[in-house]
Each structure stands twice: as C-alpha cells, then as structure tokens.
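Visitor: Below is the structure I would like to discuss, written out as structure tokens.
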Amino acid sequence: MKTCLTLFLLFLFPLVFGQYDDPKFGKIDPAELSMTRYDKDTTADALMLFDNGNTKFTLNSEHQFQFVFERHCRIKIFKKSAFHLADFKLKLYKNGSAKEKLSTLKAFTYNLIDGKIVKIKLDNDNIFEEASNYYIIKKFAFPQVKEGSVIELSYTITSDFLYNLRGWNFQYEYPAVWSQYTTEIPEYFNYRQSSKGYLPFDVQKSEQVPASFLFHVEAQNDVNGGIQGSGRIQAQNYEMKANATRQVLATKDVPAFIAEPNTDCDDNYIQSMEFELSSVRYPNQPSQDFTQSWESVNEKMNSEEDFGRLLKSKAFISDTVENLIKGKTSDLDKASAIYSFVQSRMKWTGVYSLWSVNGLKKPFQAHSGNSSEINLLLTLMLQTAGLKADPVMFSTRDNGAAASFYPTITKFNSVLARLNVDGKPYFLDATCEFCPMGTLPANDINGKGRVVNNENGDWADLEVPARYKMSKQYLLTISPDGKFTGTVNGKYDGYAGISFRNHLKDEKTVDDYFRKLQENLKGLNIISYGISQKENVNVPLMDSVKVEITDHSEILGDKILFQPLLYEAIGKNIYILEDRKYPVNYNYPVSETLVFSYKIPEGYKVESMPAPTILKFQDNAMVVSYYVQNIGDQLIVNYKKVINKILYIPDEYKDLKEFYNHIVKVNSENVILKKTT
C-alpha cells in the first residue's frame, strides 16, 4: 500500500518547484482509491489530494471587467468522521445588477467495487439554493460517499465584484498533499495582498505575461461615413493589450490545522492569502483610489446610504427619545435608558453586518434588525438625546482580525456604538440581550475597531472591563455507600452571568436546561432547583440546586475514595499540540471559586487528602490554589483559579501546557476516608 501511495504522489507531482499541471478531471488513479491511510499523518480521517484554483480577468457583454475564478479539488475519505466534507456550500454575491454566476459545476464520487472504479455523478436535482438580499448559497452533497471514497469537484464563478477578488486557503482541517492558487491580474488593477499563517510557500513565483481583451462594438454609418444616419450597421472589434502579473503560490505536504481551545479565530492562523482592491487606473484615465487612507475610509463610510447618511434622519425617533430621557439629569442615566430600550425592543436576527440594508426606520418599526441596524439605531438615538456617540465598525472574533496597518472596509463585518460621557468611553452593543451597559458580547472583543465620526475617524481598543466570575458552594453529606447528597449554590457574574443566561435562553424552559444538565453529567440526580435574578442583567444570576450524586466514589474494603472537586475537576489537559504556532487567547479575565463542605459519615475519618497547593504561572498571569482541611466531621475544600493575563504568545505555549499538566494532576488527587468503627 505504501508503494502505491508513493508512486501516486510521484506521478501527481513530478516537479515540486517546476510547472504544476492540474490533473485531468475524472482521471482517477487506482492508488487513490486503494489508500487506507496517509503515511505522513496516519491519524488523518481524510486527505486533500490536491486543491487547485486560478483567477483571470475578462470582459462581460457590456465591456466591463470581471474576474473568473476556477477551482478543482479531489479529496480522499478514510473514515465516517470526515463525511461532512462531502457537504458543500458555495456563496455567490449579488448587489443590484452586479452578481456572481456559477457555471461548469461538476461533482463526482468514486468508489472501488470488486476491483473496479465506479463513479457516481451529482444530479442537478440535488443542488439546492438559499437566497438573501446580498447573496445566493448553492448547497449540495456528494452521492454515495463511504469510507474509502474519493470525491472530486470543479466549478467556475464569474464575478462582477472586482473589489473582492477571491482569496485562497492553503491549509485545511485535514492534511493536504498539494494546494495551489494562481492569479493573473491586468496592470490596471492594484490589489493589496494579505497573507496569514505560519507555513512557507513551496512555490512562490511572479512574472509578467501579456494579456489581451477584445471589445466588440456595433455602429451605424451614414453615407458620409459618420456615426449617425441611416446607413448600414457595422461591427468592429477592438483589442486592448496589456501586461498582467501572473502569480503562483503553492504548498505541499500541508499539515492539518488542529484547533485547540482558547483561540480567537482559526481563520487568523490558517495559511491563506486575501486580496483587496487598492486602486484602478485605465489607459488615458485618472487613477481611482479605494481606501487609500483611513481618513478616506471615514469619509466613504459617512457618505454611504446604508451607513453614515442614516444618522442624518432623526424625525422618526425624536418623540421616543424625548420620552425616554424626560426627568433624567445625568448623561449616563439618559444613555442607560436609551440602551435598555433598544436592547429590549429590538430582536437581533443573528446576522452580523456592516450595512443597514433596510435603513433604520423599517427595523425600528419591525422591532428586528441585523447588528448594524440595531447599533446604528442606538447611535442615532444617543445623538438625538444630545450625547456624544459614534458608530464603530469592527470585525467579530469568528470573522478574524482586521489589520490596522492598512486601510480596509471589507474586513469589518459589524457595528457597535461608542458613547463618551465625561471623557470616559463606553462601548455598547444592543444586540446582546444579557449584556449590562458597557459590557460587550464576547464575540465583539477582537482587537481594535474603527470609529466613524465627523472628523477623520479614530481607533478604539475594544477593551474588557468585565471578568468571567463564577463561584459555587457545595454543601454535601457523604453516606457510607459513597453517595453525596445536599445542595449546590452558584453565583454567576460578568461573562459567567451572560453565558448562563444565554444557555437558559437556548432552551424552551428552565426545566429543559436542568434536565439536559442531569443527562450530561454522570451520576447526577437533580431533586429540585431555583434561579434568581434571571431577568436583571445588572446583577449576578444565582441558582440553588438540590442534588444526589452517585458514581463518583470508590469503595475499597473499609475505605471510601473520591476526587473532592467532583464535576468541577479538570480531567485532562486541554492543550494537546507539541508545538502551537498561534497564540492562546482567553478573551477576558477569569475568576472561578469553588468551596466544598463535606460531612464525613459517622464512624469514618480522613486517612489521606491532597496537600495544599499553589500553582503560579509567570508573574501571576494564572494562579491556581487548592486547600483541603479536615475540621471535626467536616472536610472543607477551597479551590480557586484566576486568569489575569488574556494573551499568551506561541513561545509561552510549552510552559502553559506543562502548567495545565500540573493542574490536571492536582485535580485528580483523591481523598481517602477510612472506617474506624
């Protein structure tokens, strides 16, 4: 098997640094189907055999430039866990008359049956479409995929959106043998390129090549040779020649990107290349610049109909604002009343958007909107109240970081409001149903946002004034058979409160939440529960749960053994990589306090318990303390974990991983109770 794979790879890539030829569609080598694993990553559940893309420019029927993007890829499926790779979604953008068109879609599944290659074609009836105001999504699934299948896909997208030249990912959740992207860009277009990731390019070649574009023009000639008149129609072709820059980027033997906990956004670290149009200059015409400076970005956003110009019309909310601030003397009270009103009135559609596609009046009347519509409405109402407020465009964590070192608009995908009261900034996002005023949703905390104002704009650090604060008190009695009974009281403040309220919202009822909690935690039986301050987001949420806990102790003769942290124990290290190339990011500071009070069963005493422990990571960036005390018939456990430092660079990863190894070890230590009578 290894020999077959080696021969296949040699056939596919005879010259790593030479010219790469896209394999012919449908020409499947039997070695691809007989493969049972990938020798360079034997744990991989799938393998990207190759992924080849290219983009060229052409002219449409109206003699306007557009680009043509082509992709051809082939994937080997080893295990069922990778079947999701057979589900594809292609997003096609549209805006007015501008659109993207999908063509030449081919998708086949190949299986090896009785030694013969059987290919199954995707039926057009199994291609489905979802449409919205700004895009169409084509959805389909490869047919008859099973373990051992190879799936192959090719398609073409023709696009009028020159501003958003399609980028390319060279890395995937599974390893890849080869990934390549070729662009051929005419000299008229200047694109800013942005590379992400930590892998080197095995091919990185750029050269000037000739390009030509044919214009077809029809004109009516009169008898005197003029353009106007009643003469015959003549067709004329004009060829415009230009230089183009042809760039080839490729990587080979690409390792899978393995996502670990506490990552701001995987897309920030996956090897990729993005393009953004910087300027256009056609022959004998002045240059047209796009976002050449942050000042020009500010000017453009202020003039946009779906953004800045919406803040000019206040009539439809003037009476509402007046009623909200009536009788309030401080700016903070006025702002709080407006924020609470928008937060409770407006239902977020779940869509992040930089643009208020429906304006502001219509969403206000409908009580619903995207992130831009809700927060531009909030900004407008604050301004109408005479407060200093401006919109802030930013990129959410799951959208990746927006670099501040070059001007951009397309990387931002959402809007929040910045309020300034007595020189102090408050960042507000009314899409968050459970965020107190001045606390941003966790997904908003992503570096810097760009303030759009009537000056030149400004940068805003999306700082974190709140912590994740959780405390629990377990009051439990241990029975001789190792069962725990009692009450667990919890207090959830800051991001812990926001998170808990969101979990409750995700369920139909509070009963459903606790039912699922019981189902997901081994040995837990919830007898009763109560929740307080669920609706008041400005104070901590609290719960009290009466429980019985089994299967968390071991009886060995006359001894009872158990881990005193129960469900709160960290059972394994969350960090598994030998070497992590991207940072660890905790989003916000964390404070977790656990207190356990165990009543020891009559006739038993403590024979062994964990020693007091304090673990500190680099200048108290992270501190874990663990104390177990035996006082009479009580066993008191105090455990606290504090994360003060949010960001840890890759050079700190190995030390951080080892720190968590110590945490796991401490968490796993047992208490031993011995029967004395």
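The values are calculated or read from the model by the stated rules, or taken from the named source; none is laboratory data. Because the structure is predicted, anything quoted here is derived from the model rather than measured. Neighbour counts are summed over all protein chains in view; Cβ atoms, including those assigned to glycine, are modelled from backbone coordinates with ideal geometry. The accessibility values were calculated without ligands, DNA or RNA, using every heavy atom of the protein model including side chains. Shrake-Rupley method; radii C 1.70, N 1.55, O 1.52, S 1.80 Å.
Visitor: Please enumerate the residues belonging to the stretch 269-317 that are among the basic types (Lys, Arg) and in a loop (DSSP other than H, G, I, E, B).
Guide: Answer for the stretch 269-317, where residues must be among the basic types (Lys, Arg) and in a loop (DSSP other than H, G, I, E, B): Arg281, Lys314.
Visitor: In the stretch 94-142, how many are closer than 22 Å to Thr410 by Cβ, hydrophobic (A, V, I, L, M, F, W, C) and free of Cβ contacts under 8 Å to residues at least 40 places away in the same chain?
Guide: Total satisfying the criteria: 1.
Visitor: Take the stretch 434-447 and flag every residue that is open to solvent by 30 Å² or more (accessible area, probe 1.4 Å) and over 11 Å from Tyr339 (Cα atoms).
Guide: Scanning the stretch 434-447 gives Ala442, Asn443, Gly447.
Visitor: Also, quick follow-up: As an exercise: evaluate Gln228 against (1) modelled with pLDDT of 60 or more; (2) open to solvent by 20 Å² or more (accessible area, probe 1.4 Å); (3) among the polar types (S, T, N, Q) and give the number of the one condition it does not meet.
Guide: It is condition (1) that Gln228 fails.
Visitor: Further, regarding this structure: Would you point out which residue out of Lys605, Lys616, Lys645 is in a loop (DSSP other than H, G, I, E, B), farther than 25 Å from Asn520 by Cβ and open to solvent by 40 Å² or more (accessible area, probe 1.4 Å)?
Guide: Step by step, each of Lys605, Lys616, Lys645 is checked, and only Lys645 is in a loop (DSSP other than H, G, I, E, B), farther than 25 Å from Asn520 by Cβ and open to solvent by 40 Å² or more (accessible area, probe 1.4 Å).
Visitor: Taking only pairs six or more apart or across chains, which ones have beta-carbon atoms under 6 Å, a first residue in the stretch 638-650 that is closer than 20 Å to Pro610 by Cα, and a second residue that is open to solvent by 50 Å² or more (accessible area, probe 1.4 Å) and at pLDDT 95 or above?
Guide: Asn638/Tyr627; Lys641/Glu592
Visitor: Which numbered condition trips up Asn661, out of (1) out of contact with any strand residue (DSSP E or B) (no Cβ under 9 Å at 6 or more places or on another chain); (2) at pLDDT 95 or above; (3) open to solvent by 80 Å² or more (accessible area, probe 1.4 Å)?
Guide: (3)
Visitor: Taking the stretch 622-641, which residues are surrounded by fewer than 18 Cβ atoms within 10 Å (Cβ to Cβ) and either over 28 Å from Pro601 (Cα atoms) or not polar (S, T, N, Q) (or both)?
Guide: Result: Val623, Tyr627, Ile631, Gly632, Asp633, Ile636, Lys640.
Visitor: Quick one: how many residues across the stretch 406-419 are open to solvent by 20 Å² or more (accessible area, probe 1.4 Å), farther than 14 Å from Trp459 by Cα and either in contact with a Leu (Cβ under 9 Å, 6 or more places away or on another chain) or among the aliphatic types (A, V, I, L, M) (or both)?
Guide: Of the residues in the stretch 406-419, 2 are open to solvent by 20 Å² or more (accessible area, probe 1.4 Å), farther than 14 Å from Trp459 by Cα and either in contact with a Leu (Cβ under 9 Å, 6 or more places away or on another chain) or among the aliphatic types (A, V, I, L, M) (or both).
Visitor: Consider Lys91 against the criteria (1) within 23 Å of Leu249 (Cβ to Cβ); (2) among the charged types (D, E, K, R); (3) in contact with a Phe, Trp or Tyr (Cβ under 6 Å, 6 or more places away or on another chain); (4) free of Cβ contacts under 8 Å to residues at least 40 places away in the same chain: it satisfies all of them except one. Which criterion is unmet?
Guide: (4) is the only condition that Lys91 fails.
Visitor: Continuing with the same structure: Can you pull out the residues in the stretch 78-97 that are surrounded by fewer than 17 Cβ atoms within 10 Å (Cβ to Cβ), in a strand (DSSP E or B) and of a type outside the set (Asp, Glu)?
Guide: Correct list: Lys89, Lys91, Tyr93, Asn95.
Visitor: Quick check on this structure: which one of Tyr110, Tyr163 is open to solvent by less than 60 Å² (accessible area, probe 1.4 Å), within 27 Å of Thr58 (Cα to Cα) and among the hydroxyl-bearing types (Ser, Thr, Tyr)?
Guide: Only one candidate passes the filter, namely Tyr163.
Visitor: Sticking with this one: Among (1) within 33 Å of the chain's Cα centre (by Cα); (2) in contact (Cβ under 8 Å) with a residue 60 or more places away in the chain; (3) more than 18 Å from Gln563 (Cα to Cα), where does Ile663 come up short?
Guide: The failed condition is (3).
Visitor: Restricting the first residue to the stretch 279-308 and requiring it to be in contact (Cβ under 8 Å) with a residue 40 or more places away in the chain, which pairs with a second residue that is among the charged types (D, E, K, R) and open to solvent by 60 Å² or more (accessible area, probe 1.4 Å) meet a Cβ separation below 7 Å and a spacing of at least six or different chains?
Guide: Close Cβ pairs satisfying both conditions: Ser279/Asp289.
Visitor: Report, by residue number, each residue of the stretch 469-510 that is part of a strand (DSSP E or B), touching an Asp or Glu at 6+ places or on another chain (Cβ under 8 Å) and either open to solvent by 30 Å² or more (accessible area, probe 1.4 Å) or among the basic types (Lys, Arg) (or both).
Guide: Answer for the stretch 469-510, where residues must be part of a strand (DSSP E or B), touching an Asp or Glu at 6+ places or on another chain (Cβ under 8 Å) and either open to solvent by 30 Å² or more (accessible area, probe 1.4 Å) or among the basic types (Lys, Arg) (or both): Lys469, Ser471, Lys472, Thr485, Asn489.
Visitor: Among the helices (runs of 4 or more DSSP H) confined wholly to the stretch 330-385, which include 2 or more residues that are in contact with a Lys or Arg (Cβ under 7 Å, 6 or more places away or on another chain), open to solvent by 10 Å² or more (accessible area, probe 1.4 Å) and modelled with pLDDT of 95 or more?
Guide: 331-345
Visitor: I'd like to check something: does the stretch 52-68 contain any residue that is acidic (Asp, Glu) and part of a strand (DSSP E or B)?
Guide: Within the stretch 52-68, not a single residue is acidic (Asp, Glu) and part of a strand (DSSP E or B).
Visitor: If you don't mind, there's one more thing I want to ask. Can you tell me which residues in the stretch 577-602 are over 15 Å from Ile646 (Cβ atoms) and not in a loop (DSSP other than H, G, I, E, B)?
Guide: Hits for the stretch 577-602 are Glu592, Thr593, Leu594, Val595, Phe596, Ser597, Tyr598, Lys599.
Visitor: Moving to a separate point now. I'd like to check something: does the stretch 191-207 contain any residue that is within 19 Å of Asn52 (Cβ to Cβ), aromatic (Phe, Trp, Tyr) and in a strand (DSSP E or B)?
Guide: Scanning the stretch 191-207 turns up no residue that is within 19 Å of Asn52 (Cβ to Cβ), aromatic (Phe, Trp, Tyr) and in a strand (DSSP E or B).
Visitor: Checking Val545 against (1) buried (at least 19 other Cβ atoms within 10 Å of the Cβ); (2) more than 30 Å from Gln343 (Cβ to Cβ); (3) at pLDDT 95 or above: exactly one of these is not met. Which one?
Guide: Every listed condition holds for Val545 apart from (2).
Visitor: Only one of (1) buried (at least 17 other Cβ atoms within 10 Å of the Cβ); (2) out of contact with any strand residue (DSSP E or B) (no Cβ under 7 Å at 6 or more places or on another chain); (3) not hydrophobic (A, V, I, L, M, F, W, C) fails for Asn454. Which number is that?
Guide: Just one mismatch for Asn454, condition (1).
Visitor: If only one of Asn502, Asn520 is in contact with a Phe, Trp or Tyr (Cβ under 7 Å, 6 or more places away or on another chain) and farther than 22 Å from Tyr626 by Cα, which one is it?
Guide: Residue meeting the stated conditions: Asn502.
Visitor: What residue, of Ile75, Ile117, is open to solvent by less than 50 Å² (accessible area, probe 1.4 Å), β-branched (Val, Ile, Thr) and in a strand (DSSP E or B)?
Guide: Matching residue, one of Ile75, Ile117: Ile75.
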